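S.K.: Dropping a structure here in structure tokens format, bear with me for questions.
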Amino acid sequence: MRCLIVDDNKMARMAMKQLVGQVKSLDLVAECSDAMEAYNQLSSKDIDLLLLDIEMPGMTGLELTKKLGNKSPLIIFTTAKTDYAVEAFELNVVDYVIKPVLPARFLQAIEKAREVAESPKADVRTSPEQDFVFVKDNGVLKKINVDDMLYLEAMGDYVKVYTGQRFHVLHATLKSIEEKLPVAKFVRVHRSYIVSLNKIDYIQDGAISIGKASVPIADTYRPMLNKRLNLL
């Protein structure tokens with residue numbers, strides 16, 4: 001994986017560079033001292049993984065992640081603070097590692113990133129009745145019942161399909177999967193989210209509640225959602 005180190009602390013960058021150098025599967029493309037420099041690097045170079053600090057002058061790591069949106073590579077936050085963990089994982093980062101980063105913990109985070117990066121290209125096939133889909137995983141077609149799906153979330157070049165207590169990570173675009181889902185059962189509510197109409201618990205303050213999750217509604221998709229809800 002081609003990676004980019006982003007940290008305003010020179011010593012922290014040096015320590016991270018040493019760790020990266022010990023992992024043969026990692027190729028360090030560049031190191032940046034601030035988020036703006038990283039943004040420019042990402043605009044001109046192909047990066048698979050960001051090793052990103054959070055608290056930096058100017059733009060924080062969290063702000064950079066939000067700015068990148070669906071164009072973001074995989075991200076591992078490296079920070080001395082635990083305060084941002086909840087917000088970080090809401091942004092679907094791979095991992096949140098506390099400094100000083102120990103070798104064993106670093107390898108654990110890299111392994112998580114590798115698993116996501118090597119997730120197979122989604123090959124989603126629907127049955128004629130459209131009550132289940134098959135996802136191709138390493139040459140094996142795995143069945144997922146459509147009625148078990150709660151919602152789908154775009155994460156860069158990947159899509160998370162949430163089904164109850166677990167989720168499946170697919171290497172695909174949200175649009176390509178949307179085209180394979182039963183139109184009567186799912187609706188796009190945001191550029192990054194598709195929800196199952198039958199799984200909606202309630203809608204409040206511009207968000208959909210599905211189980212323990214809160215899915216945002218974009219203004220662009222609100223008219224279609226309202227139409228599909230068959231409001232009285």
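S.K.: Limited to region 138-191, what total is found for residues that are buried (at least 20 other Cβ atoms within 10 Å of the Cβ) and small (Gly, Ala, Ser)?
M.R.: 2
S.K.: Could you tell me which numbered condition Lys67 fails, if it satisfies all but one of (1) more than 18 Å from the chain's Cα centre (by Cα); (2) touching a residue at least 24 places away in the same chain (Cβ under 8 Å)?
M.R.: Looking at each condition in turn, Lys67 falls short on (1).
S.K.: Mind listing whichever residues of region 193-213 are of a type in the set (Ser, Thr, Tyr) and surrounded by 20 or more Cβ atoms within 10 Å (Cβ to Cβ)? Break it down stepwise before answering.
M.R.: Our first condition is that a residue be of a type in the set (Ser, Thr, Tyr); within region 193-213, this holds for 193, 196, 202, 209.
Answer for region 193-213, where residues must be of a type in the set (Ser, Thr, Tyr) and surrounded by 20 or more Cβ atoms within 10 Å (Cβ to Cβ): Tyr193, Ser196.
S.K.: Does region 72-81 contain at least one residue that is touching a Pro at 6+ places or on another chain (Cβ under 7 Å) and either in the same structural domain as Asp157 (by TED's automatic domain parsing) or over 27 Å from Pro216 (Cβ atoms) (or both)? Reasoning before the result, please.
M.R.: Here is the first cut: in region 72-81, the ones touching a Pro at 6+ places or on another chain (Cβ under 7 Å) are none.
Within region 72-81, not a single residue is touching a Pro at 6+ places or on another chain (Cβ under 7 Å) and either in the same structural domain as Asp157 (by TED's automatic domain parsing) or over 27 Å from Pro216 (Cβ atoms) (or both).
S.K.: For region 90-109, which positions are part of a loop (DSSP other than H, G, I, E, B) and not β-branched (Val, Ile, Thr)?
M.R.: Start the filter on region 90-109 by keeping residues that are part of a loop (DSSP other than H, G, I, E, B), which leaves 91-94, 99-102.
Within region 90-109, Leu91, Asn92, Lys99, Pro100, Leu102 qualify.
S.K.: Among the residues of region 60-90 satisfying the criterion of being of a type in the set (S, T, N, Q) and modelled with pLDDT of 80 or more, which is surrounded by the most Cβ atoms within 10 Å (Cβ to Cβ)?
M.R.: Taking region 60-90 and keeping what is of a type in the set (S, T, N, Q), we get 60, 65, 70, 72, 78-79, 82.
From what's left, modelled with pLDDT of 80 or more: 60, 65, 72, 78-79, 82.
On the way: Thr60: 18, Thr65: 21, Ser72: 21, Thr78: 27, Thr79: 24, Thr82: 9.
Going through the qualifying residues, I end up with Thr78.
S.K.: Same structure again: So, in region 40-77, how many residues would count as being assigned to a helix (DSSP H, G or I) and acidic (Asp, Glu)? Working first, answer last.
M.R.: At the first step, the residues of region 40-77 found to be assigned to a helix (DSSP H, G or I) are 40-44, 61-71.
Add one more test, that the residue is acidic (Asp, Glu), and what stays is 63.
Of the residues in region 40-77, 1 are assigned to a helix (DSSP H, G or I) and acidic (Asp, Glu).
S.K.: Condition first: assigned to a loop (DSSP other than H, G, I, E, B) and basic (Lys, Arg). Now tell me which residues in region 1-39 satisfy that.
M.R.: Going through region 1-39, the residues assigned to a loop (DSSP other than H, G, I, E, B) turn out to be 1, 7-9, 22-26, 33-34.
Across region 1-39, the qualifying residue is only Lys24.
The values are calculated or read from the model by the stated rules, or taken from the named source; none is laboratory data. Source: prediction; values computed, not measured. Quick reminder, even Gly has a Cβ in these numbers, built from the backbone with ideal geometry, and neighbours come from all protein chains shown.
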